[in-house]
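J.: Structure incoming, see below.
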Amino acid sequence: MDPLSDLLEGVRARTAAFCQAILNPPWALRIADGAALALATTLRGHAWIVPDHGEPTLMHTGDVAIIKGPHPYNVSDDPATVPDVIVHHDNRLTSVDGTDITEAVRLGPRTSGFTRDGSAIVASGTYQIGSDVTDRLLNALPDIVLVPAAEAQNPVMTLLAQEVGRDGPAQDIVLARLLDIALVTTLSAWFARPDAQAPGWYRAQSDPQAGPALRLMHDDPAHPWSVAELAAKVGCSRAALARRFTALVGEPPIAYLTHWRMALAADLLRTSDLTIETIAHRVGYANAFALSVAFKRTRGLSPKQYRTGDRLDALSIVGE
């Protein structure tokens with residue numbers, strides 16, 4: 001496994017919602033679905049993504065955007081257009097006064113609008129995510145990632161655009177698989193851009209020393225890795241690996257490994273009934289006590305407190 005693959009493991013379209021909106025100017029949608037992540041593309045015309053704080057971003061036809069939630073934002077024909085439709089969880093639509101208009105504007109499967117002849121068509125898929133592992137990916141992204149059509153368009157995006165308005169057996173599964181692939185290809189295209197300011201762990205993957213060391217730690221996080229052993233595996237000196245890894249990733253190898261283990265442990269604490277002792281072994285600690293010491297040092301509270309307490313307190317402590 002490489003870091004991007006591992007971080008994307010928690011981003012699956014099992015809880016995704018899909019829709020396409022057919023629109024005529026002036027139009028504006030208030031997106032208030034609370035989704036952690038959305039992938040959107042303009043199939044016709046253009047659309048502005050307008051966050052409450054920050055600069056608007058223009059999507060031309062074929063551009064693909066990844067929008068980081070869960071805060072509300074607007075999508076509109078012009079940044080100045082005031083929304084008259086609010087998009088809620090599960091694609092429920094209301095007017096600004098709270099009237100449910102979902103059925104009134106339904107044009108077909110996953111398709112809404114007042115006419116099929118609109119000058120703009122915006123298609124999107126959204127993810128509800130609850131994963132400390134995936135948080136490491138989200139924290140590396142700006143609020144809006146935009147990949148131009150020339151770099152984003154590929155057979156997967158074309159197929160997703162064709163399938164989102166169709167209905168049929170297992171159509172939701174088809175869309176879920178396509179959305180997952182579209183997200184991966186869009187992220188890869190954005191990370192590859194010279195102006196993307198990709199995170200260190202992504203840039204380091206192509207390095208002949210730091211890249212293999214990252215993959216070793218992700219392949220087997222429970223192994224008792226030392227810098228010396230990692231260096232021997234990748235064919236360089238301990239000092240050279242430590243220096244190169246820290247320069248590219250932004251932290252020393254063992255510090256990176258510790259933070260990765262803590263993210264894995266946090267997910268297991270929240271999503272499984274495994275004992276803390278078992279979780280400790282799975283993420284590379286000899287026993288529950290050793291995990292607890294490391295977890296409390298990095299997260300500000302014990303694994304038991306994390307599992308049973310208010311996770312928001314933990315997040316505020318570590319600044320995630």
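J.: Please go through segment 209-250 and give me each residue that is of a type in the set (Asp, Glu) and part of a helix (DSSP H, G or I), ordered by number.
T.: If the condition is that a residue be of a type in the set (Asp, Glu) and part of a helix (DSSP H, G or I), then ASP219, GLU229 are the ones that fit.
J.: Looking only at segment 51-106, which residues are touching a helix residue (DSSP H, G or I) at 6+ places or on another chain (Cβ under 9 Å), at pLDDT 95 or above and more than 22 Å from ALA150 (Cα to Cα)?
T.: If the condition is that a residue be touching a helix residue (DSSP H, G or I) at 6+ places or on another chain (Cβ under 9 Å), at pLDDT 95 or above and more than 22 Å from ALA150 (Cα to Cα), then THR102 is the only one that fits.
J.: Quick test of your reading of the structure: ALA228 fulfils all but one of (1) open to solvent by less than 60 Å² (accessible area, probe 1.4 Å); (2) in contact (Cβ under 8 Å) with a residue 24 or more places away in the chain; (3) over 28 Å from the mean Cα position of the chain (by Cα). Name the failing condition by number.
T.: Of the numbered conditions (1) open to solvent by less than 60 Å² (accessible area, probe 1.4 Å); (2) in contact (Cβ under 8 Å) with a residue 24 or more places away in the chain; (3) over 28 Å from the mean Cα position of the chain (by Cα), the odd one out for ALA228 is (2).
J.: Could you go through segment 132-152 and let me know if any residue there is charged (D, E, K, R) and either open to solvent by less than 10 Å² (accessible area, probe 1.4 Å) or in the same structural domain as LEU230 (by the TED database) (or both).
T.: Yes, segment 132-152 contains at least one residue that is charged (D, E, K, R) and either open to solvent by less than 10 Å² (accessible area, probe 1.4 Å) or in the same structural domain as LEU230 (by the TED database) (or both).
J.: Which one of the conditions (1) surrounded by 15 or more Cβ atoms within 10 Å (Cβ to Cβ); (2) closer than 23 Å to GLY200 by Cα; (3) modelled with pLDDT of 95 or more does PRO303 fail to meet, given that it meets all the rest?
T.: With respect to (1) surrounded by 15 or more Cβ atoms within 10 Å (Cβ to Cβ); (2) closer than 23 Å to GLY200 by Cα; (3) modelled with pLDDT of 95 or more, PRO303 is out only on (2).
J.: Determine, yes or no, whether GLN162 is over 30 Å from THR271 (Cα atoms) and either open to solvent by 30 Å² or more (accessible area, probe 1.4 Å) or of a type outside the set (A, V, I, L, M, F, W, C) (or both).
T.: So GLN162 fits the description; yes.
J.: Of all the residues that make up segment 189-208, how many are small (Gly, Ala, Ser), assigned to a helix (DSSP H, G or I) and open to solvent by 30 Å² or more (accessible area, probe 1.4 Å)?
T.: Counting residues in segment 189-208 that are small (Gly, Ala, Ser), assigned to a helix (DSSP H, G or I) and open to solvent by 30 Å² or more (accessible area, probe 1.4 Å) gives 1.
The values are calculated or read from the model by the stated rules, or taken from the named source; none is laboratory data. Here the structure is a predicted model, which means the values were calculated and not measured. Every residue, glycine as well, gets a Cβ built from its backbone with ideal geometry; the counts of neighbours run over all protein chains shown. These accessible areas exclude ligands, DNA and RNA; they are computed on the full protein's heavy atoms, side chains included. Shrake-Rupley method; radii C 1.70, N 1.55, O 1.52, S 1.80 Å.
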